[in-house]
Amino acid sequence: MPDSHDERTGPVSEGPHDQSDGTLDQKEIRRRKFLKIMGGGLGGIVALGAGISRFLAKPIHAQSGQSHAGMRMARYGMKHRRHDWTSHSGTLPKFVDALPIPATIAPVGSVRGVPFFEVTMREFRQKLHRDLRATTLWGYNGMYPGPTFETRRGHPIAVRWRNNLPTKHILQIAPLHGAELPTPEVRTVVHVHGLKVLPDSDGYPESWFTNGFAQKGPTFTGEIYHYPNDQAATGLWYHDHALGITRLNLYTGLEGFYFVRDDDEDHLNLPKGPYEVPLMIQDRLLDPDGSLQYPVSDNSDPEVPLYWVPEFFGDTVLVNGKIWPHLEVEPRKYRFRILNGSNARFYHLTLNECRWDGDRLGSPGPDLIQIGTDGGFLPAPVRLPVGLTIAPAERCDVIIDFSDAEGMFFCLNNDAKAPFPDGDDVVPGDVMMFKVTKRLRGRDTSSVPSRLPATRALNPSSASQVRDLVLIENASALDNPIEGLITSHWTAPVTETPQAGATEIWRIINTTGDAHPIHVHLVQFQILDRRPFDLDLYPGQLTFTGPAVRPPNNERRARKDTVQAFPGEVTRIIAKFDLPTGTRVRTGQTFRYVLHCHILEHEDNDMMRPYDVVG
């Protein structure tokens, strides 16, 4: 695709004009045969907070295989019942609170010459909006979001994560796999999402621990985690990863930013300091008193796990822990490190000119210029004139130039359907506002480079093996969703066993009606292509119905740890399964990691699998 030229930024490749973010131009392909089964089912969905008794119940799904009596494969996607209620927060005035910037954490000492950090998870209260009372939350060091880690490539750190949370969860526990009694109700384990680490520091879901390390999960190995920071500059995030309750723990506030810096980034002359701004975007539901709401299902279908809902969609958007905030900016370039930290919501983000009160004026704002993604920089900047689609857990490194917009107001808006790509649940249209009302403090000398640090493309011919991962959603006899799977259940034997240092191609075969953000721990992979297939013939045979389509410019030759796998398509990724530099590997030694859907309601209900890297 030819480059366009901008006098201020130099050559910047264009993102696709026929898609919101450059995703495949296949809406019609996806729609031609994927009928969304909406309405009915699930009896009622209600919102419950603290104070609901925990039931002694076992999950009803089978522990092996893909189906059992009364269960069927939901070929056209799990049924999703549209919420017919909203929260009090949906009526709050917008853009009245300033965007908070999470504080940066400092080490408390050193361990064997390595900076040592201590972080404590605790319950606290924090105002999420000017007009709400303080909300009870859980956070790292009593903050939401947690403190930001600033690290450098090749400079390891050590962290002790402490759990000082109460023994009773503030949200209702569903008896999903790994969350049944007598498992402790409140458990935590921390995963730095996208960081290349050894398994004992990866936040394996069964390596959980309770308050004061009084109880520990079966794979717990130690209190101190070691992070080598053995990778290119990028924006990562850390969050809870406890088996069966990840969606609830993150909903309470257990997440934060983790940045890796390097010399290549330093030499790029990008906006920095106060002009580099992290944006953690999440959706929530809140009661009039400010307390968190989280929906639960009733027990009208005995095959559906008690209290579990297939996805969560809130009517209120928070950025860095504030509801619909505003950021006052100078007329110059800014760098925004965008993270989708929502449970299940995809966002299609556009910037639009608006009045001071948020009413749109019908004109687009400055283009979003994407320079990086999950694992680091793109090969070259990509201009996205029609916006950016970002899935749960994905990160996008974006520059916006407000130089010609002094005195103007711009709203960051969202119009992605929920569930993505064609659901009909609630879609909050506003995210935040930018007010170009600050005086320019000095000449803007930052720039958008024409080229960025190169990412070496992995050659498919170097792959030693091709593996298939099948995305499945099972339904009850009453056609209600029961669970999601990646080929099989969490407890089934490990089937993915790449050799240490080997390159493999994984084909993600999506038989469902929704897009799924698939996250692979340890590696930064590359997306090869996406290709539609005939669901009516699968699994008997995999018959493609169209050509393989290369990823768009903002995914091409990019380091990714989370990929959008669209319905009815085979998404091919390629990865080199390198362990951290200096790891001593014995023949036959195994290193246990996981891959999973990052729609947290899916991850918690069996859409996650262990895999082993083998020496």
State whether one or more residues within the stretch 546-562 are small (Gly, Ala, Ser), under 30 Å from Arg592 (Cβ atoms), open to solvent by less than 10 Å² (accessible area, probe 1.4 Å) and not in a strand (DSSP E or B). yes
For the stretch 496-539, which positions are within 25 Å of Leu579 (Cβ to Cβ), of a type in the set (S, T, N, Q) and assigned to a strand (DSSP E or B)? Gln499, Thr503, Gln526
Condition (residue is more than 30 Å from Tyr275 (Cβ to Cβ), among the aromatic types (Phe, Trp, Tyr) and touching a His at 6+ places or on another chain (Cβ under 8 Å)) applied to the stretch 514-531: is it met by at least one residue? no
Residue in the stretch 365-379 that is more than 24 Å from Asp264 (Cβ to Cβ), open to solvent by less than 10 Å² (accessible area, probe 1.4 Å) and in contact with a Pro (Cβ under 6 Å, 6 or more places away or on another chain) present: no
Identify all residues within the stretch 211-226 that are crowded, with 18+ Cβ neighbours inside 10 Å and either among the acidic types (Asp, Glu) or assigned to a loop (DSSP other than H, G, I, E, B) (or both); write none if there are none. Gly217
Just to be sure, is Val494 closer than 30 Å to Leu368 by Cα, of a type in the set (A, V, I, L, M), modelled with pLDDT of 95 or more and open to solvent by 30 Å² or more (accessible area, probe 1.4 Å)? no
Would a scan of the stretch 273-296 turn up a residue that is open to solvent by less than 10 Å² (accessible area, probe 1.4 Å), more than 30 Å from Leu92 (Cβ to Cβ) and either among the hydrophobic types (A, V, I, L, M, F, W, C) or in contact with a Ser or Thr (Cβ under 8 Å, 6 or more places away or on another chain) (or both)? no
Can you confirm whether Arg556 is modelled with pLDDT under 95 and either among the aromatic types (Phe, Trp, Tyr) or under 20 Å from Pro460 (Cα atoms) (or both)? yes
(1) at pLDDT 95 or above; (2) open to solvent by 10 Å² or more (accessible area, probe 1.4 Å) all hold for Ala158 apart from (2)
Working only within the stretch 300-324, note down all residues that are more than 21 Å from Ile599 (Cβ to Cβ) and either assigned to a strand (DSSP E or B) or open to solvent by 10 Å² or more (accessible area, probe 1.4 Å) (or both). Ser300, Pro302, Lys322, Ile323
Out of the stretch 466-478, which residues are open to solvent by 10 Å² or more (accessible area, probe 1.4 Å), in contact with a Gly (Cβ under 6 Å, 6 or more places away or on another chain) and not aliphatic (A, V, I, L, M)? none
Being crowded, with 17+ Cβ neighbours inside 10 Å and either assigned to a loop (DSSP other than H, G, I, E, B) or aromatic (Phe, Trp, Tyr) (or both) is the filter here, so list the residues in the stretch 563-595 that pass it. Phe566, Pro567, Gly568, Phe577, Asp578, Leu579, Pro580, Phe591, Tyr593
Just one of Asp561, Asp536, Asp604, Asp612 is under 20 Å from the mean Cα position of the chain (by Cα) and either more than 25 Å from Gly376 (Cβ to Cβ) or without any contact (Cβ under 8 Å) to a residue 40 or more places away in the chain (or both); which is it? Asp604
Yes/no for Asp230 being of a type outside the set (Ser, Thr, Tyr), outside any loop (DSSP other than H, G, I, E, B) and more than 25 Å from Trp138 (Cα to Cα): no
Name the single residue, out of those in the stretch 425-446 being touching a strand residue (DSSP E or B) at 6+ places or on another chain (Cβ under 8 Å) and open to solvent by 40 Å² or more (accessible area, probe 1.4 Å), that is modelled with the lowest pLDDT. Val427
Exactly one of (1) open to solvent by less than 10 Å² (accessible area, probe 1.4 Å); (2) of a type in the set (A, V, I, L, M); (3) farther than 30 Å from Gln231 by Cβ is unmet by Val520. Its number? (3)
Count of the stretch 325-365 residues which are aromatic (Phe, Trp, Tyr) and in a strand (DSSP E or B): 3
Considering residues of the stretch 161-206 that are acidic (Asp, Glu) and either surrounded by 22 or more Cβ atoms within 10 Å (Cβ to Cβ) or assigned to a loop (DSSP other than H, G, I, E, B) (or both) only, the residue nearest to the chain's Cα centre (by Cα): Asp202
Quick check: is even one residue across the stretch 239-255 free of Cβ contacts under 8 Å to residues at least 60 places away in the same chain, out of contact with any helix residue (DSSP H, G or I) (no Cβ under 8 Å at 6 or more places or on another chain) and of a type outside the set (Asp, Glu)? yes
Checked the stretch 233-244 for anything in contact with a strand residue (DSSP E or B) (Cβ under 7 Å, 6 or more places away or on another chain), closer than 30 Å to Asp606 by Cβ and not in a strand (DSSP E or B); matches are His241, Ala242
Restricting the stretch 391-424 to residues that are of a type in the set (Phe, Trp, Tyr) and part of a loop (DSSP other than H, G, I, E, B), the one least open to solvent (accessible area, probe 1.4 Å) turns out to be Phe402
Among the numbered criteria (1) more than 24 Å from the chain's Cα centre (by Cα); (2) open to solvent by less than 10 Å² (accessible area, probe 1.4 Å); (3) at pLDDT 95 or above, which one does Leu485 miss? (1)
Residues in the stretch 534-541: is at least one open to solvent by 10 Å² or more (accessible area, probe 1.4 Å), more than 30 Å from Tyr227 (Cα to Cα) and of a type in the set (D, E, K, R)? yes
When residues of the stretch 89-112 are filtered for being open to solvent by 30 Å² or more (accessible area, probe 1.4 Å) and either at pLDDT 95 or above or farther than 30 Å from Asn164 by Cα (or both), how many remain? 15
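The values are calculated or read from the model by the stated rules, or taken from the named source; none is laboratory data. Keep in mind that what you see is a predicted model, and the values were worked out from it rather than measured. Heads up, the Cβs are rebuilt from the backbone with ideal geometry, glycines too, and the neighbour counts pull from every protein chain shown. For accessibility, only protein heavy atoms count, side chains too; no ligands or nucleic acids. Shrake-Rupley method; radii C 1.70, N 1.55, O 1.52, S 1.80 Å.
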